[in-house]
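Derivation of every value follows stated rules applied to the coordinates shown; laboratory data play no part. The structure presented is a predicted model; accordingly, all values stated were derived computationally and were not measured. When we count neighbours, we look across all protein chains shown, and the Cβ atoms used for this are built from the backbone with ideal geometry, even at glycine.
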Amino acid sequence: MPTAELIRSAIRDIPDFPKPGIIFRDITPVLADAELFQHSISMICETAGTVKIDKVVGIDARGFIFAAAVADRIGAGFVPVRKEGKLPWTTRGLSYTLEYGEAAVEIHEDAIQPGEKVLLVDDLLATGGTASAAVKLLDGLRADLIAATFLIELTGLGGREKLGNHRIESIISYH
């Protein structure tokens, strides 16, 4: 069974992408390896503990890959948090800054009922702008956020601090 270290060794560093000074963590080798991908999903599922999760929320776009697989595996619904203007129904949205620009995300207003137990999943926690916006949207819907889980966390960028008192889990950390 692969360990987090084996998964980490499959992640490629792409310097200066999408702009100079950024090191992009390319997860496509993990996705392409059935055993590594399955194990990464198992590790994310474990972060929910024994809590029965109602909805797994995935952040656009790579978070969808992990969140949908986790939702399927644990028998929960999947809810996307998408880039602004991509959802076809009544939404709540929030603008935020990220490490290389500005963006906005939205969620359907009726996607989560008050008190539903939610696991938030994304591939990467960096400066925390996107994750913080997603957490605020979930708080606005009165979701019970059990944990926010990330395959990768870049610990030196302060993202964890932007998520407040919520439980944060990461499978792989880069310092």
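Just want the ordering: 50, 97, from fewest to most Cβ atoms lying within 10 Å of their own Cβ.
On the way: 50 4, 97 13.
Neighbour counts put them in this order, fewest first: 50, 97.
Using the Cα centre as the reference, give the magnitude of the dipole from point charges on the C-beta atoms of segment 1-95 (Lys, Arg: +1; Asp, Glu: -1; all else neutral), rounded to the nearest 20 debye. Kindly include the intermediate steps, with their values, before the conclusion.
Details: 12 positive and 11 negative charges, 86 e Å.
Around 420 debye, computed over segment 1-95.
Looking only at Cα atoms, what is the convex hull volume of segment 58-118 per residue, in Å³? Each step should come with its number before you reach the end.
Details: hull volume 6.1 nm³, N = 61.
Dividing the Cα hull volume of segment 58-118 by its residues yields 101 Å³.
Give me 123, 144, 110 sorted ascending by neighbouring Cβ count inside 10 Å, so fewest comes first. Walk me through the numbers on the way to the answer.
Details: 123 22, 144 14, 110 10.
So the ranking, lowest neighbour count to highest, is 110, 144, 123.
How large is the charge dipole for segment 50-174, taken about the Cα centre, if only the Cβ atoms of Lys, Arg (+1) and Asp, Glu (-1) carry charge, to the nearest 20 debye? Each step should come with its number before you reach the end.
Working: 14 positive and 17 negative charges, 34 e Å.
Charge dipole, segment 50-174, about its Cα centre: 160 debye, nearest 20.
Mind listing the phi-derived Karplus ³J(HN,Hα) values for segment 112-127, rounded to whole Hz, using 6.51, -1.76 and 1.60 with θ = phi - 60°, and x for any glycine or proline?
9, 8, x, x, 5, 7, 10, 10, 8, 10, 8, 6, 8, 10, 10, 7
Non-local amide H neighbours of residue 152 (under 5 Å, H modeled in plane, Pro and chain starts lacking H): which ones?
124, 125, 171, 172
Between the alpha-carbon centers of segment 1-28 and segment 72-151, tell me the distance in whole angstrom.
23
If you take the Cα Rg of segment 50-174 and divide it by 2.2 N^0.38 Å, with N the number of residues, what do you get? Walk me through the intermediate numbers first.
Numbers: Rg = 13.2 Å, N = 125, 2.2 N^0.38 = 13.8 Å.
Normalised Cα radius of gyration, segment 50-174: 0.96.
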